[in-house]
1. Which net charge results when you count Lys and Arg as +1 and Asp and Glu as -1 among the other residues whose beta-carbon is under 13 Å from that of His297?
2. How would segment 173-276 be classified by its alpha-carbon gyration tensor: rounded, prolate or oblate, with rounded meaning a/c under 1.5 and the a/b versus b/c comparison settling the rest?
3. Work through the residues other than Met50 whose Cβ is under 13 Å from its Cβ and net out their charges, Lys, Arg +1 and Asp, Glu -1.
4. To the nearest 0.05, how large is the calculated FRET efficiency for Thr364 and Thr332 if R₀ is 25 Å and r is the Cβ-Cβ distance?
5. Distance between the C-alpha centers of segment 152-184 and segment 42-64? Whole Å please.
6. Using 0.36 nm times the number of residues separating Ser135 and Arg372, minus their current alpha carbon distance, what extension gain do you get?
7. What are the ³J(HN,Hα) values, in whole Hz, obtained from phi via the Karplus relation 6.51 cos²θ - 1.76 cosθ + 1.60 with θ = phi - 60°, for each residue of segment 96-101 in sequence order, with x given for Gly and Pro?
8. With every protein chain left in place, what is the accessible area per residue of segment 173-276 in square angstrom, probe 1.4 Å?
Amino acid sequence: MRVLIIGGGIAGTAAALALHQAGFAPAIHEAHPDHGEDLGAFLTLASNGMRALGELAAAEPVAHRGFPLTRLRLIDATGTELTNAPLGEPDDPLTRYRCLRRADLAAALQQEVRRRGIPITRGARLSSLTEDAASITATFANGQTATGDLLLGADGLNSTTRSLISPAQPHYAGQRVFYGYTTEATTIANTAASQHPDSITMIRGSKTAFGYACSPSGEIFWFARVSSPPASPDEIATTTPAAWRDYLAPLLRPDTTPAADIVEATPDQLMVTNAVDLPPGMRWHTPRAVLIGDAAHAASPATGQGASMALEDAVILAKALRDTPTTTTALTNFDRLRRPRVEHNIAASAALSAGRPPSGQPPTLTNEELTRQLAWTTPLPVDY
Ligand SMILES: Cc1cc2nc3c(=O)[nH]c(=O)nc-3n(C[C@H](O)[C@H](O)[C@H](O)COP(=O)(O)OP(=O)(O)OC[C@H]3O[C@@H](n4cnc5c(N)ncnc54)[C@H](O)[C@@H]3O)c2cc1C
């Protein structure tokens, strides 16, 4: 089966590895002429995401990037420690949480795609699709076309594939999210290294949620989530890092925590995004096209699960296609298995962003069930 993958980000590259491993013929078409990722932000890959990568024999290349996180600390606005607990699966180096730049994760996965000989075409921006009973054809903005048996829309938050399948639009989730890096907060970095190695510290601030982790080389990675109207595209394009520092630091300064000092010690590596998410229940597939990753279920970033969910999608979709007799039933099975989990994550993240408890509903899968679904050699539960 020839599978066209639109987007060579996290979901697209991981899906290519999974489909190749299942014996299909994937080919990636990525809009970006060079790397295909937006620059600037970092993310944490959770143990479930690392487990999915492990099933694709790709955990090791990723584990060489970034740094591990084995403990989660939660402090309040007075600096009082509320929690200090192990994070995820800290004992296994390959399923530990990792903190890394988005660009580094994408680069590691793209390198693995090239190593396995999977074709990737850059500068190919999808503009339209035509589908019939026999095949699906993608047309790109440069006029080129590609035809396959199935197409994966792995083109992220502002997915063109989604716009061709469903009217659903991302909606603002109520927070501006800032990301920054600094090597200049040396006292805080030294304290973190000596007292809380391999930890991520979350701060329940009086006005702002803040989090930071310190790399082994002494660089602090931090984020802040500020409830406010969205930043306009103009504001994002023209506001300088110094102006964002002046906006953010006064919101953090009243608290007795390191947050304001970290922000003030951040020279220029500081960016802002608007947190957005997608509505539940939207259409994910046609007979020959299916959305995965952020294109299908972008969540606001509070739970830090977007990349990990995209990696899970890749494994489960490839297994569904491998274990189910027809593409139609495979896509139905993929939807049935994935939708409750990813929509639960969207709701949980939205609740956290709004300052409510993570979610009214219990998780849709136990860890054991998820591990079984992801295990490459275990057939998927089938219900079609
Ligand atoms: C600032 C920020 C911080 C985040 N922090 C975390 C975190 O801590 N933990 C976590 O798990 N997740 C985090 N996320 C979410 C995570 O990055 C996403 O969920 C994840 O990248 C989704 O992967 P994806 O492949 O679906 O989309 P992307 O990684 O966005 O990839 C989409 C790809 O499609 C390409 N593309 C777009 N349009 C077209 C087109 N028309 N034709 C061809 N190609 C196209 C793009 O160039 C890109 O390469 C964060 C996201 C952001 C923005």
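1. Around His297, the charge tally is -1.
2. prolate
3. The answer is -2.
4. It comes out at approximately 0.90.
5. Centre-to-centre (Cα) distance: 21 Å.
6. 82.1 nm
7. 4, 4, 10, 10, 7, 5
8. 44
The values are calculated or read from the model by the stated rules, or taken from the named source; none is laboratory data. None of the values given here were measured: they were computed from a predicted structure. Note that we place each Cβ from the backbone using ideal geometry, even for glycine, and neighbour counts take in every protein chain shown. The protein model used for the area step is the full one, side chains on, heavy atoms only, and it has no ligands, DNA or RNA in it. Shrake-Rupley method; radii C 1.70, N 1.55, O 1.52, S 1.80 Å.
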